[in-house]
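*Asks:* Okay, handing you the structure first.
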Amino acid sequence: MTAEKEAALINFKKAGSLIAKIISMLEADEYCINIMQQNMAALGLLKSAHQKLMENHLNTCFRQAMETSTEKRKMEMTREILKVTKLFNK
């Protein structure tokens, strides 16, 4: 596993723990602002994990595809990157 994937995994695990905490906070009817702060922290971890995965993908799979002579594969890989970027920015 690459360093980027390891960092993403750590962030996903932390986000999972935070989400469990958020659920508990909601069930305990805690103060909304406190819940929203925890939610924002979880979103930040997920966003960071996404960035690490994108970085890994660009440095491995994407680079490998761009080094091939197959234009079809290059176009497919470019479309994949654009699709994921558009979804991320929604």
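*Asks:* Looking only at the range 17-35, count how many residues are closer than 24 Å to L87 by Cβ and either touching a strand residue (DSSP E or B) at 6+ places or on another chain (Cβ under 8 Å) or exposed (fewer than 12 other Cβ atoms within 10 Å of the Cβ) (or both).
*Replies:* Keep residues of the range 17-35 that are closer than 24 Å to L87 by Cβ, which gives 18-19, 22.
Still in the list and also either touching a strand residue (DSSP E or B) at 6+ places or on another chain (Cβ under 8 Å) or exposed (fewer than 12 other Cβ atoms within 10 Å of the Cβ) (or both): none.
Residues flagged as closer than 24 Å to L87 by Cβ and either touching a strand residue (DSSP E or B) at 6+ places or on another chain (Cβ under 8 Å) or exposed (fewer than 12 other Cβ atoms within 10 Å of the Cβ) (or both) within the range 17-35 amount to 0.
*Asks:* Exactly one of (1) closer than 26 Å to V84 by Cα; (2) surrounded by 15 or more Cβ atoms within 10 Å (Cβ to Cβ) is unmet by K13. Its number?
*Replies:* The failed condition is (2).
*Asks:* A further question on this structure: Out of all the residues in the range 36-54, is one or more without any contact (Cβ under 8 Å) to a residue 40 or more places away in the chain, touching a helix residue (DSSP H, G or I) at 6+ places or on another chain (Cβ under 6 Å) and loosely packed, with under 14 Cβ neighbours inside 10 Å?
*Replies:* No - not one qualifying residue is present in the range 36-54.
*Asks:* Oh, and also: Can you name the residue in the range 26-82 that is among the hydrophobic types (A, V, I, L, M, F, W, C) and in contact with a Phe, Trp or Tyr (Cβ under 9 Å, 6 or more places away or on another chain) and is also farthest from G16 (Cα to Cα) among such residues? Don't jump to the end; show me each part of the working.
*Replies:* Residues of the range 26-82 that are among the hydrophobic types (A, V, I, L, M, F, W, C), as a first pass: 26, 28, 32-33, 35-36, 40-43, 45-46, 49, 53-54, 58, 61-62, 65-66, 75, 77, 81-82.
Narrowing further to those that are in contact with a Phe, Trp or Tyr (Cβ under 9 Å, 6 or more places away or on another chain): 45-46, 49, 54, 77, 81.
Working: L45: 10, L46: 9, A49: 12, M54: 20, M77: 30, I81: 26 Å.
Filtering the range 26-82 for residues that are among the hydrophobic types (A, V, I, L, M, F, W, C) and in contact with a Phe, Trp or Tyr (Cβ under 9 Å, 6 or more places away or on another chain), the one farthest from G16 (Cα to Cα) comes out as M77.
Each reported figure results from applying straightforward, stated rules to the coordinates on display, with no laboratory input. These numbers were taken from a predicted model, which means no experiment stands behind them. Virtual Cβ from ideal backbone geometry, glycine too; neighbours counted across all protein chains shown.
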